[in-house]
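The values are calculated or read from the model by the stated rules, or taken from the named source; none is laboratory data. Keep in mind that this is a model prediction, so the values were computed, not measured. Neighbour counts are summed over all protein chains in view; Cβ atoms, including those assigned to glycine, are modelled from backbone coordinates with ideal geometry. Note: accessible area is taken over every heavy atom of the protein model, side chains too, but ligands, DNA and RNA are not part of it. Shrake-Rupley method; radii C 1.70, N 1.55, O 1.52, S 1.80 Å.
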Amino acid sequence: MNLEPRTVTAAEFPDWLRAVDTGFLRTPAPVPDEEVAMRLAQADLSRVQGVFDAGRCVATFRSFAQELTVVGGAKVQADAVTAVTVSPTHRRRGLLSRMMAKDLAAAKERGDVVASLIAAEYPIYGRYGFGPATSSTEWEIDVPRTGLDPRGRVPAETDGGRIELVEGADVRKLGPELHARIAARQHGVVSRDERWWERNTGVNTPTHEPWTEPFYAVYRSADGETDGLIAYRADDRWGDRKQPLNTANVAGMIAATPAAERALWHFVCSIDWITTVRSGNRAPDDLLPLLLPDPRAARVVTQADWLWLRVLDVPRALEARTYTTEATLVLDIQDTAGLAGGRFLLEASPSGASCATTTRDADLTLDVADLSRVYLGDESPVRLAALGRLAEHRAGATATADAVFRTLRRPWCPDVF
């Protein structure tokens, strides 16, 4: 049987969507025609792959253009991978490997610096050169234990700022500019297009994502600048003695200043009837617990890998980010796919970096997946060496690499895609 991946036609797109739903264990009912038309208009079919068996789609793969903020605030072009499925009847036939190889080769030819994805399953993507580059932490806050004033937990607004409830239409106008400010400094952030803001405010949402309108609140500084945005939903749970036991689930929060961050977390902990707050996806070193008088009121309920990267162009990737120390390293990068391997001389300093191929003896040897792990500073070369994933050829080179790739704060990707 010919089970080679190929681009999907517009006529085949409804069956491709059905296969995506099958792979993600969603009801495999036909997607409504109006939704097919909406999603087709938003898809670049040249980057939509499928595998067909007897006319039925049995494997899916899609990628799209994305920008990734790297250390120091520069942006690099990324090949964002999503909608990866293989139907249970066609597993272990190399279908994903063929689709991935085709997509990464096209990304390399386009000049993309990295590929990115959010991994539903951990063991799959390392063999394609991806490594977990950011982590995600979710906290659950026991509001009565926070130490915030129960008579009015919002702190005195000494900076003159204020919090306002807004609507989804306001978020679509205010959000992109606020996100751009954050993306200019927070490494790990990925771009959000107009479709992202529509989908996350209830406009043209897919049928498999039943929409419940959240509450939206913004923090405005004394000069009227929108410095923070939070979206949250609340349940309706009461105890036997008519006591409120409601949870606020934060769907997303971004803040451009510490004042906005503090005010929005204190605000959501001040809402009447809310006794528990779930923070949603945050960076592992998020300030949240320490913004509470009693940090023990916040307990970690989720700690996991989040954004995975695959470096496609080593010199451009390493030259794009900044470094806080001056050092020279020769890195021997292993890449079985032949996309980014080679020996590279990295000369890093706070004023800039250069990276080029070299014939000099290697200081360190590591797989491209492990280079991708350390790229944004969320993993330590010293830890990788202890795990046997990195080979040191010059004494002290591992410690030097640790200092070179280390960042003052950990990377964070707010989004899933």
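For the reader, a short list of remarks on this structure follows.
- Other-chain or far-sequence residues with amide H under 5 Å of Glu379's (modelled H): none
- Using a probe of 1.4 angstrom and keeping all protein chains present, the accessible surface of the range 46-199 works out to 45 square angstrom per residue.
- The phi-based Karplus calculation (6.51 cos²θ - 1.76 cosθ + 1.60; θ = phi - 60°) puts the 3J(HN,Hα) values of the range 335-343 at 8, 5, 7, x, 9, 9, x, x, 10 Hz, whole numbers, x for Gly and Pro.
- Kirkwood radius for the range 281-385, taken over all pairs of different Cα atoms as the inverse mean of 1/r, rounds to 15.8 Å.
- Cα-only Debye scattering, the chain: base-10 log of I(q)/I(0) at q = 0.07, 0.08, 0.09, 0.10 Å⁻¹: -0.39, -0.51, -0.64, -0.79
- Carbon plus sulfur fraction of accessible area for the range 6-61, probe 1.4 Å, in percent: 59
- For the chain, the residue among Thr60, Gly280, Ser191 whose Cα projects farthest onto the positive side of the dipole built from Cβ charges is Thr60.
- Computed from phi, the 3J(HN,Hα) profile of the range 402-417 under the Karplus parametrisation 6.51, -1.76, 1.60 (θ = phi - 60°) reads 4, 5, 5, 8, 4, 10, 5, 10, 7, x, 8, 10, x, 10, 10, 8 Hz, with x in place of Gly and Pro.
- Here the calculated FRET efficiency for Asp361 and Ala399, from their Cβ-Cβ distance with R0 = 22 Å, stands at 0.75, rounded to the nearest 0.05.
- With θ taken as phi - 60° and the Karplus curve 6.51 cos²θ - 1.76 cosθ + 1.60 applied, the whole-hertz 3J(HN,Hα) list for the range 207-218 is 5, 7, 10, x, 8, 10, 5, x, 7, 10, 9, 10 Hz, x standing for glycine and proline.
- Accessible area of the range 300-417 belonging to carbon and sulfur atoms, whole % at 1.4 Å probe: 50
- Computed [θ] at 222 nm, deg cm²/dmol, the chain (DSSP H ≥ 4; -39,500 (n - 2.57); rounded to nearest 500): -7000 deg cm²/dmol
- Remark on Ala251: its backbone amide H falls under 5 Å from those of Ala231, Tyr232, Arg233, a criterion applied only to residues 5 or more positions apart or on other chains, H modelled at 1.01 Å from N.
- Remark: the range 306-417 carries 43 Å² of accessible area per residue (probe radius 1.4 Å; ligands, DNA and RNA excluded).
- Of all DSSP beta bridges in the range 255-386, antiparallel share, percent nearest 5: 75
- Part-to-part distance (alpha-carbon centres) for the range 117-133 and the range 266-327, which is given in Å: 20
- Placed amide H near Arg410: partners under 5 Å, 5+ positions off or other chain: Asp285
- Springs between Cα atoms under 10 Å define the GNM used for the chain, and in it the highest mean-square fluctuation of Asn200, Asn246, Asn281 occurs at Asn246.
- Secondary structure note: in the chain, about 85% of the DSSP beta bridges are antiparallel.
- Between the range 369-392 and the range 41-62, the alpha-carbon center distance in angstrom: 35
- Student exercise, the range 1-40 dipole from Lys, Arg, Asp, Glu Cβ charges, in Debye to nearest 20: 140
- Checking every one of the trypsin sites (Lys or Arg not before Pro) in the range 343-417 against DSSP loop status and a limit of 13 other Cβ atoms within 10 Å picks out Arg360, Arg394.
- Of all accessible heavy-atom area on the range 210-267, the percent that carbon and sulfur account for (1.4 Å): 50
- Of the trypsin sites (Lys or Arg not before Pro) found in the range 234-267, those that fall in a DSSP loop while having at most 14 other beta-carbon atoms within 10 Å are Arg237, Arg241, Lys242.
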